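Below: one structure, written as structure tokens.
Throughout, read-outs are computed from the coordinates displayed, never taken from laboratory work. Predicted model only: the values in this text are computed from it and were never measured. Glycine also receives a Cβ, built like all others from the backbone with ideal geometry; neighbour counts cover every protein chain displayed.
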């Protein structure tokens, strides 16, 4: 498949439906999480996934890679992980016949299409930055030589919310590189019963690839062709500007933001809102983004881009509550 224009809206909707169905063979429940991950995947963004161990985070991203027939790589982040362990390293090779020595670059695990960065906050900032540079620039640089990464490139980084001792929290500037921050919760009793019943037998789900890398790239370009009316873009703009406590009266900043927020979302959040809304519409089989799409993607877009102050921590107010109050305060068109 050559280029974005070779994939129609109907083709894209069918591809998204088949991919969701294929992932459902291995993933029980978590439909909201799957929806948000697929939305970011087709929009060309990256995802930060927060959840306790044992909620199938690894299985989810591995199943996605299998269903799209992409190269999957898992990186377990530890305190002793070095940047070269991620991007690769240069080695000296000697020709035994001539004695001539050459330098050869050995690719690291970042040279993949779908990367699971497990517990990214357990490695020092220098190593975190090596991955985040690859995410943003789609290349790595070793000794002045640039090596391009394959497309599509989708990074899903996980954080364990239980143990924070000895971790290295991502700075706000690096958090901003992730399009979505997705929270994965415990399954419902019915879903957990199905999990126990299906995963304790000898049967394993067979995942069939339903799309190629070229189709995924075409989908990414097609997302940007989804129309978004001026009032939809204006709605995203008003939400972002209302999240900034230093904003003026014209920005419609609610009292809860002035009281509990230290720093609000930047322009990249507005871009993520609009792109996320377009991708969500396409995944749902619709050809036009709506204000409801903006509202649906607002929590994963904003929860990691709003920095709360000490009073919020003292009063037990979290970012999700602030996003909820923002959506209540900013009228939809």
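Tabulated data
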| quantity | calculated |
| --- | --- |
| Counting DSSP beta bridges with both ends in the chain, the antiparallel % (nearest 5) | 40 |
| 20 Å cut-off, amide nitrogen to a point 7 angstrom out along residue 105 Cα→Cβ, residues in segment 125-145 | 127-145 |
| Cα long-axis angle, helix 267-283 against the chain (0 to 90 degrees, to the nearest 10) | 80 |
| Least to most buried among 234, 85, 11, 80 (fewest other Cβ within 10 Å first) | 80, 234, 11, 85 |
| For 219, 82, 23, order by how many other beta-carbon atoms lie within 10 Å, fewest first | 82, 23, 219 |
| Between helix 230-242 and the chain: long-axis angle, C-alpha atoms, 0 to 90°, nearest 10 | 90 |
| Taking 201, 123 and counting other C-beta atoms within 10 Å, the order from fewest to most | 201, 123 |
| Candidates 40, 65, 56: whichever shows maximal mean-square fluctuation once the chain is modelled as a Gaussian network with Cα springs under 10 Å | 56 |
| Relative contact order (percent, whole number), the chain, Cα cutoff 8 Å, 6+ residue spacing | 23 |
| Nearest 10 degrees, 0 to 90: helix 57-67 Cα axis against the chain principal axis | 70 |
| Fluctuation leader among 42, 310, 72 - the chain, Gaussian network, Cα springs under 10 angstrom | 310 |
